Amino acid sequence: MTLTNKLAAEFFGTFWLVLGGCGSAVLAANVDLGIGYVGVSLAFGLTVMTMAYAIGHVSGCHLNPAVSFGLWSGGRFPANELLPYIGAQVIGGIAGAAVLYSIASGAPGFDVAGGFASNGYGAHSPESYSMVAVLIAEVVMTFMFLMVILGATDKRAPAGFAPIAIGLCLTLIHLITIPVSNTSVNPARSTGVAVFVGDWATAQLWLFWVAPIVGALLAGKVYSWVSAEK
């Protein structure tokens, strides 16, 4: 595959993750007979699982700058493709949020001041968790997400099941941390919706870049050590 093919796949994959995951939160979570936290958690997991089967053989289906950094840290991804991948993921995330905004704004009373599925801490955490609590949650959850990704895609793992394990892991992470931070573990996902909210969402965006990347980098090194063959 050419780099152009890979970047296009990452763009469309991240587009789908934001549109499907954040779209479920914005459009379907808080209405009568809505899907709630459980439904939103499943939606994020399903977007990743479906895209992993659709484009995993093209780009590896990272859809997330933290995943790219984690795979690089674990020796699975070349450094010279990091920035192009991250650029494609961020642009895809913003494009997904743009389509979501165009749909959501068709409803009377819609206002991005409601959060638009943005990630936040303090007053902007769903349950008012502190910055430190959110930072810890995002580092640890991204660390575990990358441990699952690295393990499920290891050449020694059962073939064909990685998308299921990865999608279910992301679902579990959302079940745990939507009340804490609205769950990021993905800087591109956070950036996509924050662009449309502005204000506090962009001011707090730094945490949702730093924490996931730190967790991912640590996981890359730890998994390499844990899985090393004698």
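Within segment 33-60, if we keep just the residues that are β-branched (Val, Ile, Thr) and assigned to a helix (DSSP H, G or I), the residue that is farthest from Tyr85 (Cα to Cα) turns out to be Val38. Restricting attention to segment 163-182, the residues that are touching a residue at least 60 places away in the same chain (Cβ under 8 Å), open to solvent by 30 Å² or more (accessible area, probe 1.4 Å) and among the β-branched types (Val, Ile, Thr) total 1.
When you look at Gly160, is it surrounded by fewer than 15 Cβ atoms within 10 Å (Cβ to Cβ) and either of a type outside the set (D, E, K, R) or in contact (Cβ under 8 Å) with a residue 60 or more places away in the chain (or both), yes or no? So Gly160 passes the test. Taking (1) more than 20 Å from Phe77 (Cβ to Cβ); (2) open to solvent by 10 Å² or more (accessible area, probe 1.4 Å) in turn, Val214 satisfies each apart from (1).
One line per residue, one yes/no per condition, for (1) more than 25 Å from Pro179 (Cβ to Cβ); (2) in contact with a Ser or Thr (Cβ under 6 Å, 6 or more places away or on another chain):
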site	(1), (2)
Val18	no, no
Asp32	no, no
Ser41	no, yes
Gly45	no, yes
Gly56	yes, no
Leu63	no, yes
Pro78	yes, no
Gly96	no, no
Leu100	no, no
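Restricting Ala152, Ala157, Ala194 to those that are closer than 24 Å to Gly96 by Cβ and among the aliphatic types (A, V, I, L, M) reduces the list to Ala194. The single condition among (1) aliphatic (A, V, I, L, M); (2) over 13 Å from the mean Cα position of the chain (by Cα); (3) open to solvent by less than 20 Å² (accessible area, probe 1.4 Å) that Val67 does not meet is (2).
With respect to (1) open to solvent by 10 Å² or more (accessible area, probe 1.4 Å); (2) closer than 27 Å to Lys155 by Cα, the lone exception for Val185 is condition (1).
Each residue in segment 87-114 was checked for being surrounded by 15 or more Cβ atoms within 10 Å (Cβ to Cβ), within 15 Å of Val18 (Cα to Cα) and among the hydrophobic types (A, V, I, L, M, F, W, C), and 9 of them qualify. Among the residues of segment 115-134, those identified as open to solvent by less than 60 Å² (accessible area, probe 1.4 Å) and hydrophobic (A, V, I, L, M, F, W, C) are Phe116, Ala117, Ala133, Val134.
Just one of the listed residues (Val18, Val26) is part of a helix (DSSP H, G or I), touching a residue at least 12 places away in the same chain (Cβ under 8 Å) and touching a Lys or Arg at 6+ places or on another chain (Cβ under 7 Å), namely Val18. On the stretch given as segment 217-230, residues that are open to solvent by 40 Å² or more (accessible area, probe 1.4 Å) and closer than 19 Å to Phe77 by Cβ total 8. Looking across segment 1-15, the residues that are part of a helix (DSSP H, G or I) and polar (S, T, N, Q) come down to Thr4, Asn5, Thr14. Contact map, segment 85-101: residues that are of a type in the set (Ser, Thr, Tyr) paired with residues that are part of a helix (DSSP H, G or I), Cβ distance under 8 Å, separation 6+ or inter-chain. Pairs shown: Tyr85/Lys6; Tyr85/Leu7; Tyr85/Glu10; Tyr85/Ser59; Tyr85/Pro65; Tyr85/Ser68; Tyr101/Val112; Tyr101/Phe196. Candidates are the residues of segment 188-209 that are out of contact with any helix residue (DSSP H, G or I) (no Cβ under 8 Å at 6 or more places or on another chain) and at pLDDT 95 or above; the one that is least open to solvent (accessible area, probe 1.4 Å) is Ala203.
The values are calculated or read from the model by the stated rules, or taken from the named source; none is laboratory data. It should be emphasised that the depicted structure is a prediction, and the values quoted were computed from it without experimental measurement. Every residue, glycine among them, receives a Cβ derived from its backbone with ideal geometry; neighbour counts consider all protein chains shown. These accessible areas exclude ligands, DNA and RNA; they are computed on the full protein's heavy atoms, side chains included. Shrake-Rupley method; radii C 1.70, N 1.55, O 1.52, S 1.80 Å.
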